[in-house]
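These notes concern the structure reproduced below.
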Amino acid sequence: MDLQQISEQLQAGKAKIVTQLVQQAIDEGIPAKQILEEGLLSGMSVIGEKFKNNEVYVPEVLVAARAMNKGAALLKPLLLSEGATAAGKVCIGTVRGDLHDIGKNLVKMMLEGKGLTVIDLGVDVEPETFIRTAVEEDCQIICCSALLTTTMGVMEEVVRAAKEAGIRDKVKIMIGGAPVTQAFCDQIGADAYTPDAATASEVAAEFCKKAQE
Ligand code: B1M
């Protein structure tokens, strides 16, 4: 099956057809990671480009996002079983002022796939909420997602709040999202920037392993 079909139907916001095609691809034995990347994520990236160029608007993006979520839900159990196991606890959220959650949800899914326990704080999360959760739940890692250049700065507040709470040496802070870069990570003093969900889960598992040594 040509995974391009999934990408095209996702762009058209046809959630039902996307679900059927994803199931068909699974049945044909195509690896879940490939379906995710070459079907769903490739479609989302075309929509993103069109959104940027004002060729599509918020409603079209929302229906595409819904199709993406439906397809990803089918892939979830497969992505989970393809992963290795690690032990540790992570809290994750999209930072204050930012409502984008598709990437954050994918990172969550991949972290769970590594066997990590994930506390999902949702979107529009205050720095204090990340810190309070990390303390109360004894998390080894805080994961922050931001998709807007205007909200990236909140990640620096998270790093600062962790220092002020005296937990900076106990908790790793990982950051990601389309506008985030390694240079930004270095600048704000976070522990790791990862460009995608799979890499985030690998780095997180590694951090948790080291914390246990
Ligand atoms: Co918005 N939006 N949006 N949007 N949106 C962007 C981000 C934008 C780049 C589009 C554009 O115009 N060029 C632009 C930001 C420009 C900027 O800041 N430079 C933008 C804008 C402007 C806005 C609004 C302001 C539009 C408006 O209202 N006029 C508004 C803001 C709302 C708010 O948050 N306060 C807005 C609203 C929306 C929708 C609600 C319509 C919808 C969100 C729906 C939802 O999330 N439930 C939406 C969407 C879907 C997008 C685009 C098209 C796609 C984002 C996405 O889901 N990508 C986006 C364009 C783009 O990114 N090219 C855009 C797919 C997702 C899988 O990728 O999230 O990057 P991503 O996640 C990746 C990696 O980044 C990484 O892993 C993921 C996959 O491997 N990753 C992490 C993500 N988080 C991580 C955390 C980690 C590690 C890795 O922690 C350890």
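The values are calculated or read from the model by the stated rules, or taken from the named source; none is laboratory data. Nothing here was measured: the structure is a model prediction, and the numbers come from that model. Virtual Cβ from ideal backbone geometry, glycine too; neighbours counted across all protein chains shown. Accessible surface is based on the protein model in full, side chains and every heavy atom, while ligands, DNA and RNA are left aside. Shrake-Rupley method; radii C 1.70, N 1.55, O 1.52, S 1.80 Å.
Being more than 13 Å from the ligand (Cβ to nearest atom) and within 19 Å of Phe207 (Cα to Cα): is that true of Asp138 here? Yes; evaluated as a whole, the condition is true for this residue.
Annotation note: of Met155, Met174, the sole residue that is assigned to a strand (DSSP E or B) and at pLDDT 95 or above is Met174. In region 14-39, the residues that are farther than 18 Å from Ala65 by Cα and not assigned by TED's automatic domain parsing to the domain that holds Glu60 form no Cβ pair under 9 Å with any partner that is crowded, with 21+ Cβ neighbours inside 10 Å and not polar (S, T, N, Q), whether six or more places apart or across chains. If you go through region 51-61 and pick out every residue that is assigned to a helix (DSSP H, G or I) and free of Cβ contacts under 8 Å to residues at least 24 places away in the same chain, you end up with 5. Filtered by the rule that a residue be among the aliphatic types (A, V, I, L, M) and either in contact (Cβ under 8 Å) with a residue 24 or more places away in the chain or within 22 Å of Leu80 (Cβ to Cβ) (or both), region 170-191 gives Val171, Ile173, Met174, Ile175, Ala178, Val180, Ile188, Ala190.
Among the criteria (1) surrounded by 16 or more Cβ atoms within 10 Å (Cβ to Cβ); (2) over 20 Å from the mean Cα position of the chain (by Cα), the one Gln4 does not fulfil is (1).
Scanning region 182-200 for residues that are farther than 15 Å from Cys91 by Cβ, part of a helix (DSSP H, G or I) and small (Gly, Ala, Ser) yields Ala183, Ala197, Ala198. Among the residues that make up region 134-150, is at least one of them farther than 12 Å from Ile92 by Cα, crowded, with 21+ Cβ neighbours inside 10 Å and modelled with pLDDT of 95 or more? Within region 134-150 (the criterion being farther than 12 Å from Ile92 by Cα, crowded, with 21+ Cβ neighbours inside 10 Å and modelled with pLDDT of 95 or more), the answer is yes, since at least one residue qualifies. Checking Val135, Val123 one by one, the residue that is in contact (Cβ under 8 Å) with a residue 24 or more places away in the chain and in contact with a helix residue (DSSP H, G or I) (Cβ under 9 Å, 6 or more places away or on another chain) is Val123 and no other. Taking the conditions (1) out of contact with any strand residue (DSSP E or B) (no Cβ under 7 Å at 6 or more places or on another chain); (2) modelled with pLDDT of 90 or more; (3) outside any helix (DSSP H, G or I) in turn, Thr85 satisfies each one other than (2). A Cβ distance below 8 Å, combined with a sequence gap of six or more or placement on separate chains, defines the contacts here; from region 195-210, residues that are closer than 10 Å to Lys114 by Cα and in contact (Cβ under 8 Å) with a residue 12 or more places away in the chain reach residues that are part of a helix (DSSP H, G or I) and near the ligand (Cβ under 7 Å from one of its atoms) in the pairs Ser201/Val107.
Gly103: of a type outside the set (Asp, Glu), within 12 Å of the ligand (Cβ to nearest atom) and assigned by TED's automatic domain parsing to the domain that holds Gly166, yes or no? Yes: the conditions hold for Gly103.
Please determine, by comparing only the residues of region 178-206 that are modelled with pLDDT under 95 and more than 8 Å from the ligand (Cβ to nearest atom), which one is most open to solvent (accessible area, probe 1.4 Å). Result: Glu202.
Hey, among the residues in region 158-168 that are assigned to a loop (DSSP other than H, G, I, E, B) and in contact with a helix residue (DSSP H, G or I) (Cβ under 9 Å, 6 or more places away or on another chain), which one's farthest from Glu136 (Cα to Cα)? Among residues in region 158-168 that are assigned to a loop (DSSP other than H, G, I, E, B) and in contact with a helix residue (DSSP H, G or I) (Cβ under 9 Å, 6 or more places away or on another chain), the one farthest from Glu136 (Cα to Cα) is Arg168.
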